[in-house]
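S.K.: Provided herewith is a single structure, encoded as structure tokens, for subsequent inquiry.
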Amino acid sequence: MYWLIGLFTLEAIVEAYLAAAGFEARTWLRNVCCVVCAVALVVSTLGMVLLHWRIWLWVAPVSGYRLLNILRLYRRRLPANQLRTASVRAFGWLLAGQLLLVTVAWVIRHFHAGTQAIAALAALQLLAALVLLRTTVHTWRHAAPNGPAEPLSDRELPAVSILIPARNETEQLQQCLQSLVACNYPKLEIIVLDDCSAVRRTPEIIRSFAHDGVRFLQGTPPDETHWLSKNWAYEQLAREASGELLLFCGVDAQLQPDTLRQLVQMLYVRKKDMLSVMPLRSHAVSKDYALLQAMRYYWELSLPRRLFKRPPVLSTCWLIKKAALQHMGGFESNSRSINPEAAFARQAVVTDAYAFIRSNDELGLYSNKPGSEQYGTSVRVRYPQLHRRLELVAFTAAFEFVFLLGPLIALCGIGYLARNMAFVAIWIVALACLMVTYSIVVVGARLTSPWYGWALMPVALAIDMVMLHISFWKYEFGGVEWKGRNVCIPVMRIESRLPKV
């Protein structure tokens with residue numbers, strides 16, 4: 001046992017050296033050290049688990065993330081300074097987590113505090129479920145699209161530019177433009193940018209709406225070392241817009257004739273500079289494929305974001321004053337951000353100039369994003385949402401497993417964990433709170449039917465954990481495609497001298 005602990009300790013020392021200063025060594029030596037570290041970590045972890053699994057079993061999953069960190073060092077895909085910072089930070093947090101878990105497990109084992117540990121865990125799971133439920137209910141009520149008491153007249157309404165980046169789009173773009181040209185807003189400009197589409201149908205669709213006032217804009221390719229392609233498309237659209245307000249709209253959005261007027265009135269009556277809208281799911285899209293979209297909405301509404309000045313925001317449809325956008329630095333200040341609208345919302349919320357709105361039938365904003373695109377969107381946004389940090393991937397996965405799936409797992413294994421009915425009651429209440437939280441989001445946004453949503457909540461959570469790791473893997477070791485482009489280079493800050501994946 002002691003030699004395994006020694007091997008584990010020695011491997012940690014070598015791994016720390018590789019992460020902090022191992023990049024100056026010759027390539028073959030660095031690669032050999034990475035392989036040796038990986039083998040030593042696997043052997044020591046598995047050996048300790050086999051000899052004393054009640055203590056060391058909790059360490060094994062964290063060792064898996066440390067192996068991924070070693071693989072990142074081996075591949076050396078990022079610039080040296082960036083890789084050094086990311087690797088040292090991940091190693092430090094993961095090793096600290098392992099030491100904490102071992103200490104807690106030893107204390108529980110040594111003092112025979114298993115029942116007390118289960119009681120503490122159950123209490124924390126209930127507390128987390130109550131916090132998520134309370135936050136979701138509060139956000140849901142606060143985001144209600146209350147109409148103004150005195151609507152603005154046509155003369156008082158400002159000019160609005162609707163800006164749509166389109167790349168390789170067909171039917172969705174056609175439906176989106178049909179809904180936009182039917183808007184009854186009096187001062188409206190619609191600009192659609194063809195972002196170097198490989199599909200001929202895309203520019204043809206845009207030009208076919210020229211007689212309805214839709215303006216065609218031919219986009220130029222982005223400099224991938226400095227610009228994410230979608231952000232560069234946004235920048236080109238913003239430069240051409242003449243409206244006082246800018247509405248950035250995805251091709252999956254569909255508006256009712258009075259939707260835009262209501263959004264503008266809410267912006268001015270609430271005295272905001274920016275607002276984004278959570279759309280209802282279109283009836284034309286099957287509800288059987290809404291699990292990934294449901295989890296994106298779930299994370300925006302359920303977390304206590306106000307404590308961290310990170311308000312909920314979605315990219316389907318968001319409205320901002322042009323002057324405010326320029327004051328925040330425009331898209332150039334967030335040229336490589338996967339969610340530039342989130343960065344603008346964080347700046348606006350500091351001065352209470354941002355609002356998050358959920359759509360209803362009166363507001364009439366819908367999304368018809370199909371299931372095939374939801375997978376790509378989840379892969380594209382999940383890892384950047386965690387600031388491209390491996391330790392946050394580990395923490396998020398642990399949080400979902402322990403606090404979101406934990407009550408259900410505990411109820412399934414209640415015969416082994418404990419026979420105390422108080423624990424059963426706590427887990428039942430926690431599970432009910434989690435199901436209500438999930439139901440508020442998916443049923444309220446019409447992502448699925450009530451019973452279907454309740455039954456698939458554990459499945460949605462499990463899929464979200466899988467998607468998180470797929471997103472991490474593709475960004476760190478592969479490629480993430482968006483509309484035929486690999487977005488890894490601008491998002492991960494990969495240097496142009498390095499081979500493009």
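The values are calculated or read from the model by the stated rules, or taken from the named source; none is laboratory data. Not measured: the values here are computed from a predicted model. As a convention, Cβ positions derive from the backbone with ideal geometry for all residues, glycine included, and neighbour counts pool all protein chains shown. What goes into the accessible areas is simple: the full protein's heavy atoms, side chains included, and nothing from ligands, DNA or RNA. Shrake-Rupley method; radii C 1.70, N 1.55, O 1.52, S 1.80 Å.
S.K.: How big is the C-alpha Rg of region 48-202 next to the rule-of-thumb value 2.2 N^0.38 Å, as a ratio? Mind showing how you got there, number by number?
M.R.: Numbers: Rg = 28.0 Å, N = 155, 2.2 N^0.38 = 15.0 Å.
After normalising by residue count via 2.2 N^0.38 Å, the value is 1.87.
S.K.: With θ set to phi - 60° and the Karplus curve 6.51 cos²θ - 1.76 cosθ + 1.60, what are the ³J(HN,Hα) couplings of region 468-482 in order, to the nearest whole Hz, using x for Gly and Pro?
M.R.: Values per residue, Gly and Pro as x: 4, 6, 5, 4, 4, 4, 5, 5, 7, 10, x, x, 10, 8, 9 Hz.
S.K.: In degrees between 0 and 90, to the nearest 10, how far off the longest principal axis of the chain does helix 2-21 point, with axes built from Cα atoms?
M.R.: 40 degrees
S.K.: Relative to the longest principal axis of the C-alpha atoms of the chain, give the angle of the C-alpha long axis of helix 390-399, reported between 0 and 90° and rounded to the nearest 10°.
M.R.: On a 0 to 90 degree scale, this one is about 90.
S.K.: Carbon-plus-sulfur fraction of the accessible area of region 53-190, 1.4 Å probe, in percent?
M.R.: On the way: 4400 of 7060 Å².
So the carbon and sulfur contribution to the accessible surface is 62 percent.
S.K.: Right, something else. So what is log10(I(q)/I(0)) for the chain at q = 0.13 1/Å, when the Debye sum runs over its Cα atoms only?
M.R.: Each listed q corresponds, in turn, to -1.29.
S.K.: What ³J(HN,Hα) values, in whole Hz, does the Karplus curve 6.51 cos²θ - 1.76 cosθ + 1.60 give for region 161-174 when θ = phi - 60°, with x put for Gly and Pro?
M.R.: After applying 6.51 cos²θ - 1.76 cosθ + 1.60, I find 10, 8, 10, 10, x, 9, 9, 6, 9, 9, 4, 4, 5, 4 Hz.
S.K.: Also, quick follow-up: Multiply the residue separation of S449 and T27 by 0.36 nm, subtract the distance between their alpha-carbon atoms, and state the gained length in nm to one decimal. Could you put the intermediate results ahead of the total?
M.R.: Values: separation 422, 0.36 × 422 = 151.92 nm, distance 5.55 nm.
Result for the pair: 146.4 nm of gain on full extension.
S.K.: When the solvent-accessible surface of protein heavy atoms is calculated with a 1.4 angstrom probe, in what order do R305, R77, R281, R134 fall, highest first?
M.R.: R134, R305, R77, R281
S.K.: How much accessible surface area, in Å² rounded to 10, belongs to the heavy atoms of E332 with a 1.4 Å probe?
M.R.: Near enough 130 Å² of accessible area.
S.K.: Right, here's the next one. Can you list residues from other chains, or at least 5 along the same chain, whose modelled amide H is less than 5 Å from the amide H of W318?
M.R.: Long-range HN contacts for W318: F248.
S.K.: Are there trypsin sites (Lys or Arg not before Pro) in region 419-488 that DSSP puts in a loop and that have at most 13 other Cβ atoms within 10 Å, and which ones? Walk me through the numbers on the way to the answer.
M.R.: On the way: sites: R419, R446, K474, K483, R485; in loops: R419, R446, K483.
Counting only loop positions with at most 13 other Cβ atoms within 10 Å, the trypsin sites (Lys or Arg not before Pro) in region 419-488 are R419.
S.K.: Could you put S153, S276 in order of accessible surface area, largest first, with the 1.4 Å probe and the full protein assembly present?
M.R.: Final ranking, largest accessible area leading: S153, S276.
S.K.: Which trypsin sites (Lys or Arg not before Pro) in region 1-66 sit in a loop by DSSP (not H, G, I, E or B) and have at most 12 other Cβ atoms within 10 Å of their own Cβ?
M.R.: Sites meeting the loop and neighbour criteria: R26.
S.K.: Step through the table entries K321/K369; K321/K483; K272/K322; K271/K369, compare each Cα-Cα distance with 20 Å, and write down the pairs that go over it.
M.R.: Violating the 20 Å Cα-Cα cut-off are K321/K369; K321/K483; K271/K369.
S.K.: If you fit an axis through the alpha-carbon atoms of helix 259-269 and take the longest principal axis of the Cα set of the chain, what angle between them do you get, 0 to 90°, nearest 10?
M.R.: 80 degrees
S.K.: Contour minus end-to-end for E362 and L95, with contour as 0.36 nm per residue of separation and end-to-end as the Cα-Cα distance? Don't skip to the end; give the middle numbers.
M.R.: Values: separation 267, 0.36 × 267 = 96.12 nm, distance 5.22 nm.
Result for the pair: 90.9 nm of gain on full extension.
S.K.: Report the gain in length on full extension from R155 to R134: 0.36 nm times residue separation, minus Cα-Cα distance, nm rounded to one decimal. Mind showing how you got there, number by number?
M.R.: Details: separation 21, 0.36 × 21 = 7.56 nm, distance 4.15 nm.
Working it through step by step, the gained length comes to 3.4 nm.
S.K.: Which of the GluC sites (Glu not before Pro) across region 145-181 are loop residues per DSSP, with 14 or fewer other Cβ within 10 Å?
M.R.: Those satisfying the criteria are E156.
S.K.: Keeping all protein chains in place and using 1.4 angstrom, which order do M328, M492 fall into by accessible surface area, from largest down?
M.R.: Putting M328, M492 in descending order of accessible area: M328, M492.
S.K.: Sequence-distant or interchain residues sharing an amide H contact under 5 Å with V199, placed H: which?
M.R.: Close amide H contacts, sequence-distant or interchain: N168.
S.K.: On to the next question. With a Förster radius of 30 Å, plug the Cβ-Cβ distance of L71 and S372 into 1/(1 + (r/R0)^6) and report the FRET value to the nearest 0.05. Each step should come with its number before you reach the end.
M.R.: Working: r = 30 Å, r/R0 = 1.00.
E(calc), rounded to 0.05, equals 0.50.
S.K.: Around I162, which amide H atoms from residues at least 5 apart in sequence, or from another chain, sit under 5 Å from its own amide H, with H modelled in the peptide plane?
M.R.: Residues meeting the amide H criterion: E189, I190, I191, L247.
S.K.: A further question on this structure: Through the Karplus equation 6.51 cos²θ - 1.76 cosθ + 1.60, θ set to phi - 60°, convert the phi angles of region 102-114 into ³J(HN,Hα) values in whole Hz; use x for Gly and Pro.
M.R.: Values, residue by residue: 5, 5, 4, 4, 5, 4, 4, 5, 5, 9, 6, 9, x Hz.
S.K.: Across all directions of projection, what mean area in square nanometres is found for the Cα convex hull of region 118-231?
M.R.: Numbers: hull surface 53.4 nm².
So the mean shadow area of the Cα hull is 13.4 nm².
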